[in-house]
Amino acid sequence: MAANSLGTDVSGRMHIFKPLLIATSLLALHGRISAAEPASTFSKTDLRAAKTLHERASKDDTAYQLVQSLTTEVGARSAGSAGDKAAVAWGVREMQRLGFSNVRTMEVKVPNWVRGEASFKVLAPSPQSMPTLALGGSVGTPPEGIESDAVMVKDLAALSALPADAVRGRIVFFNNRMERTRDGSGYGAAVPVRTAGPALAGSLGAVGVVIRSVGTSTDRFPHTGTTRYTPDGPRIPAVAISNPDADALERQFASGKPVRLRITSSSRDLPQAQSANVIGEIPGTDRADEIVILGAHLDSWDPGVGAIDDGAGVAIIMGAVKLIRELPVKPRRTIRVVLFANEEFGTSGSQAYTAAAASESARHVLGFEADFGAGPVWRLSSRVNPAQQPIVDQVYRALAPLKLARGNNEARGGADLDGLAKLGMALLSPDLDGTNYFDVHHTANDTLAQVDPAALRQSVTAFAIGAWLGAQNPGDWQPVTTPKPPRR
Ligand SMILES: [Zn+2]
């Protein structure tokens, strides 16, 4: 209903409409929506193309073939490794094969930490060996290892509360259990023990750290992941053991007898190495100087082959953009795929990309990130300027066949697009179901067997439709001006 038609209504019911009239006038003042026009909507052509994407994505196994190829032909690809270089070459080759335009690399300097071999032994009260992995970035031990009595604590707060002589000279066992959640919030709560535990324990005079893995599985695969020392603080070796082994170690502490441990690790740092972000795109048409970016990371941790972290994400975004490229219509905005270097060990690829984006004439207006496994997508969240909420609603309606939940407008996004999002870029987030993600994350068990082809196809469908409609927004993607909350 047009607002001015209300003005001709001089009947006694006029007062009923008055609040509506005022509300629409306010909208006209504050937003871009004119009181005389409805909010802009997608064209029939664009919605028909979204339907085509749905039909084709449900039969297209490009994404599965990509993650199969990456995990088989490249395998593990931690920053600075030979696998990392091979992955960059793979990304360029596959983007060219899929027909992406302007395929290129952006050189990035990355750390080059080498895992080596690690062992973990309980010496007393009841001797036994447990499978272990060094935490990423951890220093190694002398060849004979470190041997010491141990102290068990739950988390950082519990360690800080101990008297100094309870920690000095000991190995600290962080025994914190991670909660299984669909949205990954359990990870955010548990991960500080891994990232900051060794630095804190070292500052209190501990000689080593072992953590209960930040993971949810009951198998015997330990989970690695980055730890960060403070620049001037002591650097002590840190390893992880699996949940069932942490349970067993906890029982040894429960005996009340002194627990004595030995850790060996040959982890070490090599000089920085060269890696690269891999970039390809579908050029836009009338709004080509606006970029809709889809990001995932090309590196992985080394014990597994990075199928769910983040081979699946790489495959989802490449598979989605391949389908958009094959549409009979071209996108209005430029759709760009970026495979980021070194997300796992300091996000160097993201930092280099964000810095370069600032000097690029094209503007990054909307981002999608796939770094949470192989799907399915279960919810659509966003982080957009409130004026664009009606467009997000329309994207959600176009995704109706997928029966997604409607998330809120506080999407946090992933690590690689965090920098651009902090600069105000809008995010659309087809949220991947993380219920089982942390059973496998950062373990030797992260292989292709963890990827379900049907869930992957469904995820590609959601990303393809989201990215396509994001590129066709009939209005503007305005910057998001609210401060971005930290990632979990
Ligand atoms: Zn990841």
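The table for this structure:
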read-out	value
So Ala415, is it out of contact with any Pro (no Cβ under 8 Å at 6 or more places or on another chain) and within 16 Å of the ligand (Cβ to nearest atom)	yes
Matching entry among Leu399, Leu380, Leu420, Leu404 (being more than 16 Å from the ligand (Cβ to nearest atom) and under 28 Å from Trp301 (Cβ atoms))	Leu420
Filter result for Gly346 (within 16 Å of the chain's Cα centre (by Cα), open to solvent by less than 10 Å² (accessible area, probe 1.4 Å) and within 16 Å of the ligand (Cβ to nearest atom))	no
Some residue of the stretch 393-400 being hydroxyl-bearing (Ser, Thr, Tyr), in contact (Cβ under 8 Å) with a residue 12 or more places away in the chain and more than 28 Å from Ser43 (Cβ to Cβ)	no
Ala273 within 30 Å of Pro142 (Cβ to Cβ) and not in a loop (DSSP other than H, G, I, E, B)	yes
Test: residue in the stretch 394-403 that is surrounded by fewer than 20 Cβ atoms within 10 Å (Cβ to Cβ), on the phi > 0 side of the Ramachandran plot, modelled with pLDDT of 95 or more and not aromatic (Phe, Trp, Tyr)	yes
Qualifying position, being within 30 Å of Gly91 (Cβ to Cβ), within 16 Å of the ligand (Cβ to nearest atom), of a type outside the set (Phe, Trp, Tyr) and at pLDDT 95 or above, among Ala296, Ala288, Ala276, Ala240	Ala296
Where Lys484 falls short, out of the listed (1) at pLDDT 95 or above; (2) open to solvent by less than 40 Å² (accessible area, probe 1.4 Å)	(1)
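The values are calculated or read from the model by the stated rules, or taken from the named source; none is laboratory data. Small disclaimer: the values here were computed from a predicted structure and weren't measured. Neighbour counts are summed over all protein chains in view; Cβ atoms, including those assigned to glycine, are modelled from backbone coordinates with ideal geometry. Accessible surface is based on the protein model in full, side chains and every heavy atom, while ligands, DNA and RNA are left aside. Shrake-Rupley method; radii C 1.70, N 1.55, O 1.52, S 1.80 Å.
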